[in-house]
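To start, the structure under review is shown below, and the notes come after it.
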Amino acid sequence: MSTLHYEDDQVVIHKSVVGPLDNNVFVVACRQTGESLLVDAANEHEQLLGLCRELGVRQVVETHGHWDHIQAVPQLRDAGYAVAVTAADASMLASYDLLLGDDEVLEVGRLRLRTILTPGHTPGSICFAVEGSPVLLSGDTLFPGGPGNTATDLGDFKTIIESIDRRLFTLPPETVVMPGHGADTTIGAERPHLDQWIERGW
């Protein structure tokens, strides 16, 4: 089951929570054309296939390759949906169709989503900013209260902090951050805490 999560004059976003780790799955739709894409085929493939049919999904994009975000990828590919992931995380998937790079534009009907490469949580973590709307789909790069906490060593931690600071905290403060798990936050709510994250090492 999905719920209407966000809408404005150009975009409609539905959200589903699936799997044992309560992964967020977002369907981002162009209000004018109805065309949409699904962000993170995490789990419960039958539910996600139903969403794809119901909400006009044309493509699946993965924010990163961790197992809990990709469990439904094979079934969605088998059903004819192309799956895109970054080159750095592609080896984590059993199969995929397209590779995503930094600062690319994905067209969804008349909607445009810009890719923002944010390595650290995984080498190929990527976020999606909806152009013209204050929305960022952040995967596990940024949550309320800090970055994704699976960085396994200091190098990864430094990388994810740099990604957030240089790539995400340049966005407007009102930008709504929709993460891979849990509740939304905003860039403005998180930016003041960067020094605290650095001090605690997480």
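The values are calculated or read from the model by the stated rules, or taken from the named source; none is laboratory data. Everything numeric here is computed off the predicted structure, so don't read it as measured data. Cβ atoms come from the backbone with ideal geometry, glycine included; neighbour counts cover every protein chain shown.
Out of all the residues in the range 166-190, which are over 25 Å from residue 69 (Cβ atoms) and either in contact (Cβ under 8 Å) with a residue 24 or more places away in the chain or not in a loop (DSSP other than H, G, I, E, B) (or both)? Within the range 166-190, 172, 174, 188 meet the criteria.
Each row is one residue, and each column tells you yes or no for (1) buried (at least 20 other Cβ atoms within 10 Å of the Cβ); (2) out of contact with any Cys (no Cβ under 7 Å at 6 or more places or on another chain).
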| residue | (1), (2) |
| --- | --- |
| 91 | no, yes |
| 95 | no, yes |
| 101 | no, yes |
| 109 | no, no |
| 116 | yes, no |
| 127 | yes, yes |
| 139 | yes, no |
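Pairs linking a residue in the range 110-134 that is in contact (Cβ under 8 Å) with a residue 24 or more places away in the chain and more than 20 Å from residue 93 (Cβ to Cβ) to a residue that is assigned to a loop (DSSP other than H, G, I, E, B) and small (Gly, Ala, Ser), with Cβ atoms under 9 Å and 6 or more positions apart or on different chains, are 111/132; 111/133. For residue 85, indicate whether it is over 22 Å from residue 167 (Cα atoms) and either not in a strand (DSSP E or B) or not hydroxyl-bearing (Ser, Thr, Tyr) (or both). No: the conditions fail for residue 85. Scanning the range 18-57 for residues that are of a type in the set (A, V, I, L, M) and either surrounded by fewer than 19 Cβ atoms within 10 Å (Cβ to Cβ) or farther than 18 Å from residue 181 by Cα (or both) yields a total of 7. The requirement of being more than 16 Å from residue 130 (Cα to Cα) and either surrounded by fewer than 22 Cβ atoms within 10 Å (Cβ to Cβ) or of a type outside the set (Lys, Arg) (or both) is not satisfied by residue 63. If you take the residues of the range 141-150 that are surrounded by 17 or more Cβ atoms within 10 Å (Cβ to Cβ) and within 15 Å of residue 24 (Cα to Cα), which of them is modelled with the lowest pLDDT? Only one residue tops the list, namely 148. If you go through the range 1-17 and pick out every residue that is buried (at least 17 other Cβ atoms within 10 Å of the Cβ), more than 18 Å from residue 175 (Cβ to Cβ) and either in contact (Cβ under 8 Å) with a residue 40 or more places away in the chain or aromatic (Phe, Trp, Tyr) (or both), you end up with 2.
When the range 191-202 is filtered for residues that are in a helix (DSSP H, G or I) and either without any contact (Cβ under 8 Å) to a residue 12 or more places away in the chain or not basic (Lys, Arg) (or both), the ones remaining, listed by number, are 192, 193, 194, 195, 196, 197, 198, 199, 200.
Only residues that are acidic (Asp, Glu) and touching a Pro at 6+ places or on another chain (Cβ under 9 Å) were counted in the range 46-104, giving 2. Candidates 71, 75: the one that is farther than 16 Å from residue 126 by Cβ, in a loop (DSSP other than H, G, I, E, B) and not charged (D, E, K, R) is 71.
Taking the range 151-192 as the range and being under 16 Å from residue 118 (Cα atoms), surrounded by fewer than 13 Cβ atoms within 10 Å (Cβ to Cβ) and at pLDDT 95 or above as the test, the residues that pass are 166, 170.
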